[in-house]
Amino acid sequence: MSVTRGGSSGEEPPLTPMPAADVIRRVVEPDAAGPRWRRKAASPPVIVVEDKLLTGTLNLRALEFPYVLEFYRCRFEQAPDLRQAKLAGLEFRDCWLPGLQAKNMRCDNDLVLVSSTVDGLVDLVDTQIEGSLNLTGSMIGNHSGRALSADRLVLAGALLANNLVARGEIRMPGLRAGGNVNFSGAVLDNAEGYALNGYGIHVGGNLLCGIDVTTGARFSSTGWLFLPATRVESDFSLRGAELNHGDTTGVEITGDPGFDVTATLIADRLRVEGNLELDRGLRSNGTLRIVNGVIGGSLRLSSADIDVSDEQEPPWPHRALHLDGTQISGDFDARSIRMAGQARMVDVTISGNLLMDGANLRNPEADVILGRRFSVGGNLDGRFVEAAGCLSLQGAKIGANMDLRGTRLIEPGKNMRTGDVAPSVDIRAATIGRDLILAAGHRPFAAHGGVRMHRAEIGREANFDGAILGSGLGGTALNAHGMVAQELVLTVGQAPRGRVTLRHARCASLADNDKFWDGTGRIDLEDFRYEALAVPIDLKDDKNVRTRLRWLRTSMQGHYSPGPYDQLATVFRSTGNEEHAHTVLIEKHKWRYVALAEGMRVLWPGVRLWSWLQRSMVGYGYRPTRALVWLLFCLVSGSVWFALRGEPNEINSDDTLIWNPVLYTLDLLVPIIDFGNKNRWQAPGASQWVATGLIATGWILATTAAAGLTRMLRRN
């Protein structure tokens with residue numbers, strides 16, 4: 001006769017038929033032929049049945065049976081009926097059963113079903129087992145419905161289901177196990193619904209659904225692992241597991257943000273006192289959903305592979321990871337994870353660190369990580385990440401560093417409302433305790449959609465050293481509107497491709513380079529405040545000042561803005577470098593008059609002439625010594641002219657004033673004050689025009705000097 005054992009089949013010697021009722025009759029009539037029994041001291045008697053084909057029904061329903069029943073290599077014609085029975089113990093090894101009815105059964109020792117086949121339902125609803133339930137190596141179910149029904153099962157010991165093969169639903173909501181629940185190496189197959197329904201189970205030890213240490217077999221499931229409100233007193237491990245979603249044909253996608261059609265793990269309100277291990281090669285083609293969970297240790301996803309693409313072209317409608325509202329007391333370790341789909345982590349709190357070094361994340365043209373109001377107590381490390389999509393961490397709080405050194409973010413997509421290119425890194429209103437590092441490592445940091453850090457607060461340094469911002473797709477390369485940091489490092493690796501906004505930003509130290517100021521878009525510097533340059537400019541380094549003025553003009557792309565000039569002048573003045581501060585302010589007024597002239601249709605030549613006169617004569621009031629030079633030049637020139645032309649005509653012959661060309665020229669140049677010379681003599685011919693020019697020059701010098709002095713007094 002062929003007998004199936006533990007999921008395998010082979011030819012074995014024929015079994016001896018025996019009525020199942022003989023098992024009970026042997027207890028009542030000890031001398032009758034039938035199964036042998038044995039008994040140890042201080043233990044219940046054991047009835048052993050070996051190599052039998054049990055015909056009829058083994059009916060112990062509602063009986064108090066103070067014996068341990070052990071069946072080896074037996075085949076049952078009918079499903080044993082143990083409902084409401086009270087047994088000392090029960091064991092099936094290498095047996096075949098059409099089912100097992102044990103609802104409301106009480107077992108004083110272990111219930112063992114090892115390396116056996118149950119071609120039907122194992123019913124353990126409301127059963128109490130004072131020992132452990134051992135299903136190791138067995139095969140149960142036949143896809144016709146549930147394989148195991150164990151609602152409210154109570155185990156004093158463990159549930160051992162290593163290498164179990166279940167064809168149908170494993171149902172055990174309300175399970176209470178004093179020890180471990182171990183499904184390592186098991187295969188749970190129910191594509192039409194729940195592979196494991198464990199709503200509200202309570203595990204006193206570890207919940208293990210990983211790789212079996214003996215056989216090396218992976219835990220595998222097809223269908224939902226449904227574990228909401230589960231409590232695990234130690235670790236929950238799906239390490240190395242293979243999770244497959246069930247048949248989603250005909251299931252409609254709703255607008256409910258909490259609805260995950262292709263979920264493989266549903267564990268809302270999960271509470272794990274130890275670690276949650278989803279790492280070391282775990283593979284899932286559906287969503288891992290743990291909403292409002294509480295994890296006392298660390299959440300580990302390193303080297304996991306989560307892919308919800310179903311080999312379709314993006315965008316993908318399903319999430320890869322859904323952790324909204326989950327609290328993690330330890331680290332979130334996702335190093336070297338491979339993920340296709342969105343990781344949704346809104347309102348997630350991590351007391352330790354978030355580790356994503358070397359991750360490969362793909363959700364093109366959408367958010368690859370959505371983490372609004374995300375909180376990390378330590379560091380967020382995402383070095384050398386490959387990401388297609390956007391990192392959206394608005395309102396995030398990071399206790400120490402956010403380090404994305406060498407990370408590359410491509411395919412950001414577009415904002416659905418505005419149509420602009422979406423930012424690759426969005427940390428609006430985020431708070432970072434120490435450093436924000438978006439810099440180069442052994443390769444540059446690259447954000448094709450740019451970086452948005454509107455109103456972000458960085459405790460120490462915002463570092464963009466060697467970064468590549470923007471991609472020529474348009475939009476914004478860097479938006480740091482209202483950002484606050486101690487040090488701002490903008491020594492980028494390439495010129496930004498897109499707009500740059502530093503409006504209302506604040507920093508104590510600014511480091512930059514020529515590439516930053518040579519971007520394709522305008523740089524908005526209105527009300528940008530910095531206290532010092534990271535590399536101070538020497539008092540004699542006029543060339544560097546001229547270079548900075550050229551950078552400012554280039555960044556404005558033809559638009560005049562006085563604020564950046566005032567700020568640079570303030571920085572120079574704070575270090576005692578008044579000369580360079582005046583150079584900057586002269587440049588500011590030069591472009592101010594250019595902007596005024598461009599706004600006037602008729603008077604623009606006069607505006608330009610007036611600007612040139614002020615700049616050349618007194619440097620808009622910041623070079624007052626120029627007026628003295630002009631005055632001396634005109635005095636010398638006029639004196640020579642009038643001396644060569646001879647004594648002019650006297651206006652009043654009664655005056656006794658002696659002709660002096662120097663005093664006459666000085667009287668012409670100085671307005672308002674009369675030295676008595678210009679009204680005594682009248683210059684004829686060409687000298688009359690020279691005298692008039694000297695009078696006009698004197699008034700211009702006086703007016704421009706007064707305007708500059710007024711400006712200086714107002715500033716002081």
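The values are calculated or read from the model by the stated rules, or taken from the named source; none is laboratory data. Note that the structure is predicted; figures quoted are calculated from it, not measured. Cβ atoms come from the backbone with ideal geometry, glycine included; neighbour counts cover every protein chain shown. In case anyone asks, the SASA skips ligands and DNA or RNA and just uses the protein heavy atoms, side chains included. Shrake-Rupley method; radii C 1.70, N 1.55, O 1.52, S 1.80 Å.
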Discussion item. Could you list, ordered by first residue, the pairs with Cβ atoms under 7 Å in which the first is in the range 62-74 and over 17 Å from Arg25 (Cα atoms) and among the hydrophobic types (A, V, I, L, M, F, W, C) and the second is open to solvent by less than 20 Å² (accessible area, probe 1.4 Å) and at pLDDT below 95, at least 6 apart or interchain?
Written reply: Cys74/Val49; Cys74/Leu54
Worksheet item: What single numbered condition from (1) farther than 23 Å from Gly498 by Cα; (2) free of Cβ contacts under 8 Å to residues at least 40 places away in the same chain fails to hold for Gly352?
Response: (2)
Worksheet item: If you take the residues in the range 511-531 that are assigned to a strand (DSSP E or B) and farther than 19 Å from His454 by Cβ, which one is most open to solvent (accessible area, probe 1.4 Å)?
Response: Glu531
Worksheet item: In this structure, is Gly240 at pLDDT below 95, closer than 26 Å to Asn206 by Cα and among the small types (Gly, Ala, Ser)?
Response: no
Item to complete: Assess whether Leu568 counts as being under 25 Å from Asp403 (Cβ atoms), open to solvent by less than 30 Å² (accessible area, probe 1.4 Å), of a type outside the set (Ser, Thr, Tyr) and outside any loop (DSSP other than H, G, I, E, B).
Response: no
Discussion item. For the range 51-66, give me each residue that is open to solvent by less than 60 Å² (accessible area, probe 1.4 Å), in a strand (DSSP E or B) and modelled with pLDDT of 90 or more.
Written reply: Lys52, Leu53, Leu54, Thr55
Worksheet item: In this structure, is Val535 β-branched (Val, Ile, Thr) and in a helix (DSSP H, G or I)?
Response: no
Discussion item. Quick test for you: out of Asn401, Asn415, Asn379, Asn363, pick the one residue that is over 23 Å from Ala495 (Cα atoms) and touching a Phe, Trp or Tyr at 6+ places or on another chain (Cβ under 8 Å).
Written reply: Asn363
Worksheet item: Out of Ala166, Ala186, which single residue is of a type in the set (A, V, I, L, M, F, W, C), in contact with a Cys (Cβ under 9 Å, 6 or more places away or on another chain) and open to solvent by less than 10 Å² (accessible area, probe 1.4 Å)?
Response: Ala186
Practice prompt. Tell me which residues, restricted to the range 99-120, are more than 50 Å from the chain's Cα centre (by Cα) and open to solvent by less than 40 Å² (accessible area, probe 1.4 Å).
Written response: Gly99, Leu100, Ala102, Met105, Cys107
Worksheet item: For the range 494-510, which residues satisfy the criterion of being open to solvent by less than 30 Å² (accessible area, probe 1.4 Å) and outside any strand (DSSP E or B)?
Response: Pro496, Gly498, Leu502, Ala505
Worksheet item: If we scan the range 534-552, do we find a residue that is modelled with pLDDT of 90 or more, under 27 Å from Gly475 (Cβ atoms) and among the β-branched types (Val, Ile, Thr)?
Response: no
Worksheet entry | Which numbered condition Thr262 misses (of (1) modelled with pLDDT under 90; (2) out of contact with any strand residue (DSSP E or B) (no Cβ under 7 Å at 6 or more places or on another chain); (3) open to solvent by less than 40 Å² (accessible area, probe 1.4 Å)) | (2)
Worksheet entry | Per-region count, the range 539-565, residues in a helix (DSSP H, G or I) and not basic (Lys, Arg) | 13
Item to complete: Within the range 132-163, work out how many residues are closer than 24 Å to Gly210 by Cβ, open to solvent by less than 30 Å² (accessible area, probe 1.4 Å) and not in a strand (DSSP E or B).
Response: 11
Worksheet entry | Thr656 out of contact with any Asp or Glu (no Cβ under 8 Å at 6 or more places or on another chain), over 17 Å from Thr703 (Cβ atoms) and modelled with pLDDT under 70 | yes
